[in-house]
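Shown next, in structure tokens, is the structure this report addresses.
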Amino acid sequence: MTIALWILNGLLALAFIAAGSMKLFRPKSALVASGMAWADDFADPTVKLIGAAELIGGIGLILPLLSGIAPILTPIAATALTIVMIGAVVVHIRRKENATPSVVLGVLSAASAVLGFLVVL
């Protein structure tokens, strides 16, 4: 189970760190122009907050377990990312957009949380 957790968290961390960094460091207008039309419905600080949550959550999937310092934070980060993805699914459904990527990331984050709690506890 530990190996499965590392593989899953590694892939999720790559996805969330990349997506979060993009939302955090690119201007909102560039995000909208690149296909993230949902960002136009939110204030710039809100988009940056979502990006920060994804970036910190992605780091939280790896760092606590890797360092051995408070490894319980790894499944907690996965749980938090699941909540963020539930919000993303709601936004995409309300906008009548494709919510599949958000659903997939949410389900994988939930699986990571379950695996993480099983491994850590």
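Counting only residues that are in contact with a Ser or Thr (Cβ under 9 Å, 6 or more places away or on another chain), of a type in the set (F, W, Y) and over 22 Å from E97 (Cα atoms), how many does region 8-48 have?
Number of matching residues: 0.
For D41, only one of the following conditions fails: (1) more than 15 Å from L105 (Cα to Cα); (2) modelled with pLDDT of 95 or more. What is its number?
With (1) more than 15 Å from L105 (Cα to Cα); (2) modelled with pLDDT of 95 or more applied to D41, the lone miss is (2).
Starting from region 13-32, take each residue that is under 25 Å from P75 (Cβ atoms) and list its partners that are of a type in the set (S, T, N, Q) and buried (at least 17 other Cβ atoms within 10 Å of the Cβ), counting only C-beta distances under 9 angstrom and pairs at least six apart or across chains.
Close Cβ pairs satisfying both conditions: F16/S109.
Residues in region 43-51: is at least one on the phi < 0 side of the Ramachandran plot and open to solvent by less than 30 Å² (accessible area, probe 1.4 Å)?
Yes, there is a match, as at least one residue in region 43-51 is on the phi < 0 side of the Ramachandran plot and open to solvent by less than 30 Å² (accessible area, probe 1.4 Å).
Of the conditions (1) within 13 Å of L5 (Cβ to Cβ); (2) open to solvent by less than 60 Å² (accessible area, probe 1.4 Å); (3) in contact (Cβ under 8 Å) with a residue 24 or more places away in the chain; (4) hydrophobic (A, V, I, L, M, F, W, C), L118 fails just one. Which one is it?
With (1) within 13 Å of L5 (Cβ to Cβ); (2) open to solvent by less than 60 Å² (accessible area, probe 1.4 Å); (3) in contact (Cβ under 8 Å) with a residue 24 or more places away in the chain; (4) hydrophobic (A, V, I, L, M, F, W, C) applied to L118, the lone miss is (2).
Identify, by number, the condition in (1) open to solvent by less than 30 Å² (accessible area, probe 1.4 Å); (2) of a type in the set (A, V, I, L, M, F, W, C); (3) closer than 18 Å to A4 by Cα that L108 doesn't meet.
Looking at each condition in turn, L108 falls short on (1).
The values are calculated or read from the model by the stated rules, or taken from the named source; none is laboratory data. Predicted model only: the values in this text are computed from it and were never measured. Ideal geometry is used to build each Cβ from the backbone, glycine not excepted, and the neighbour counts take in all protein chains shown. Areas reflect the complete protein model, heavy atoms only, side chains present, ligands, DNA and RNA absent. Shrake-Rupley method; radii C 1.70, N 1.55, O 1.52, S 1.80 Å.
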